[in-house]
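These notes concern the structure reproduced below.
The values are calculated or read from the model by the stated rules, or taken from the named source; none is laboratory data. Quick caveat: nothing in here was measured; it's all calculated off a predicted structure. All Cβ positions, glycine included, derive from the backbone under ideal geometry; neighbour counts span all protein chains shown. For accessibility, only protein heavy atoms count, side chains too; no ligands or nucleic acids. Shrake-Rupley method; radii C 1.70, N 1.55, O 1.52, S 1.80 Å.
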Amino acid sequence: TKGGYEHYMYKEINEQPGALRRTTQGRLNTHTGGVELDEFPPGMFSDVEQVHLIAMGTSHHAGMYAASLLNARGIPAYAFMSGEYSVVNPPVTENTLVVAVSQSGETADTLDAVRRARASGARTLAMTNVVGSSITRECDDEMLLRAGPEIGVAATKTFSSQVTALALLSERIAEDIKGTRSPDARTLMEALARLPGDVQEILDTSMAREIAIEYQDSDAYFFIGRGPAHPVALEGALKFKEISYEHAEGFAASELKHGPLALVTPVTPVFAIFTGHEDEATLSNMKEVQARGAPVIAVTNERSSEVVEFADHVLTIPETHPEVAGILANVQLQLVAYHAAKLLERPIDKPRNLAKCVTVE
Ligand code: F6R
């Protein structure tokens, strides 16, 4: 049941602290900075040479996020839409680890991509939220999200759990390949352990509804970010468009000048996401859109004083490890999308033309 909530989506947004607690339960050690995954004993990934993350939609955004975490650890990693995987046909060897990220574990494109990867000799790992789903049966290994059932068509808590689980997995893979932990592994594990509380703080204090009200008559909504904040921008826009039916687009902040800036006007609010990845550059992108009259809503922690000073509005996230900040920023954007769609009286849990699970290609 909806447990007193008007929509499953809002219930699931609010369930994130519990979901994240379960995702990390027994899987990290804040004293040693180690990742402890029963499914993957140390050394299991030692001969991995590259990682392909294959997924669609929201899960693809989690895959992009993970690719940037792996690249930051010196591991070649690429995120593909599973629907493009067979067309792009990237080279795969037996030392390629293919991670299929799928909430449902039933997405046809992802299932198809997994089969192809396996046939080419790759090692396959399923990251899903559903025990016994088709994708888990096709893969060599699996890692469960434990986020609990997600009923709303728009994925919310499962994105947060995916990124969290992928952060643990990335650290685990890197430790096996490099033979050492990330220098700041302990800080990262502490941040992941604090994540449920940090998300709760956002749920308790978010100004997302006020932002949704203020900008309800806009022409379009843009989202920009760098590094791991780029997939968060894409995800913010995806959530916004799918449940509000308003035009929303996410960009890499660096891409703005190369075209999208032509769309920016005083009636296109821009959500700028700051996660500690070249924030000065994103700040200057923020000023560029402001110079075209666009209001900017910065999603940032309060420490970024210059961002706070120049932004028209701030959606605050608690201070945390930069690799975790995107998860928090995304929670604010989930809330903005939800409130915007609610003001428009959209059927939030069942947006037109969409299905929770896309089992045809
Ligand atoms: C967006 C959404 C979809 C799914 C996509 C993949 O809110 O829910 O974009 O993320 O269809 O689904 P899974 O993760 O089940 O493979």
Which numbered condition trips up M56, out of (1) touching a Pro at 6+ places or on another chain (Cβ under 9 Å); (2) in contact (Cβ under 8 Å) with a residue 60 or more places away in the chain; (3) buried (at least 20 other Cβ atoms within 10 Å of the Cβ)? (1)
Hand me the list of helices (runs of 4 or more DSSP H) wholly inside the stretch 254-361 holding 1 or more residues that are closer than 30 Å to I151 by Cβ, of a type in the set (V, I, T) and within 16 Å of the ligand (Cβ to nearest atom). 322-343
Among I297, I273, which is in contact (Cβ under 8 Å) with a residue 40 or more places away in the chain and in contact with a Phe, Trp or Tyr (Cβ under 6 Å, 6 or more places away or on another chain)? I297
Among the numbered conditions (1) free of Cβ contacts under 8 Å to residues at least 40 places away in the same chain; (2) crowded, with 20+ Cβ neighbours inside 10 Å; (3) among the small types (G, A, S), tell me where A167 comes up short. (1)
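Considering only residues that are more than 15 Å from G179 (Cα to Cα) and either open to solvent by 10 Å² or more (accessible area, probe 1.4 Å) or more than 16 Å from the ligand (Cβ to nearest atom) (or both), which ones fall in the stretch 41-53?
Of everything in the stretch 41-53, those that are more than 15 Å from G179 (Cα to Cα) and either open to solvent by 10 Å² or more (accessible area, probe 1.4 Å) or more than 16 Å from the ligand (Cβ to nearest atom) (or both) turn out to be Q50, V51.
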Does R181 satisfy the condition of being over 30 Å from R352 (Cα atoms), open to solvent by 20 Å² or more (accessible area, probe 1.4 Å) and modelled with pLDDT under 95? yes
For the stretch 60-91, enumerate the residues that are assigned to a helix (DSSP H, G or I) and more than 21 Å from G276 (Cα to Cα). H60, S82, G83, E84, Y85, S86, V87, V88
Picking from N29, N89, which residue would you name as being at pLDDT below 95, open to solvent by 10 Å² or more (accessible area, probe 1.4 Å) and not acidic (D, E)? N89
Members of the stretch 126-143 found to be surrounded by fewer than 19 Cβ atoms within 10 Å (Cβ to Cβ) and in contact with a strand residue (DSSP E or B) (Cβ under 6 Å, 6 or more places away or on another chain), listed by number: D140, D141
When the stretch 76-86 is checked residue by residue, the ones that are open to solvent by less than 40 Å² (accessible area, probe 1.4 Å) and either among the basic types (K, R) or within 14 Å of the ligand (Cβ to nearest atom) (or both) are A79, F80, S82, G83, Y85
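It is to be established whether one or more residues within the stretch 236-256 are under 23 Å from L344 (Cα atoms), open to solvent by less than 40 Å² (accessible area, probe 1.4 Å) and in contact with a His (Cβ under 8 Å, 6 or more places away or on another chain). Can you show your working first?
Applying the first criterion (under 23 Å from L344 (Cα atoms)) to the stretch 236-256 yields 236-250.
Cutting the leftovers down to open to solvent by less than 40 Å² (accessible area, probe 1.4 Å) gives us 236-237, 239-240, 242-244, 248, 250.
With in contact with a His (Cβ under 8 Å, 6 or more places away or on another chain) added as a condition, the list becomes 250.
Yes, the stretch 236-256 contains a residue that is under 23 Å from L344 (Cα atoms), open to solvent by less than 40 Å² (accessible area, probe 1.4 Å) and in contact with a His (Cβ under 8 Å, 6 or more places away or on another chain).
Among R146, R116, R123, R73, which is open to solvent by 10 Å² or more (accessible area, probe 1.4 Å), closer than 28 Å to H7 by Cβ and more than 14 Å from the ligand (Cβ to nearest atom)? Spell out how you get there, then give the answer.
Numbers: R116 fails: closer than 28 Å to H7 by Cβ; R123 fails: closer than 28 Å to H7 by Cβ; R73 fails: closer than 28 Å to H7 by Cβ.
One residue alone meets the criteria, R146.
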Boolean, T110 is within 13 Å of the ligand (Cβ to nearest atom), part of a helix (DSSP H, G or I) and in contact with a Lys or Arg (Cβ under 9 Å, 6 or more places away or on another chain): no
Working carefully through the options R172, R146, R181, R115, find the one that is farther than 30 Å from K11 by Cα and part of a loop (DSSP other than H, G, I, E, B). R181
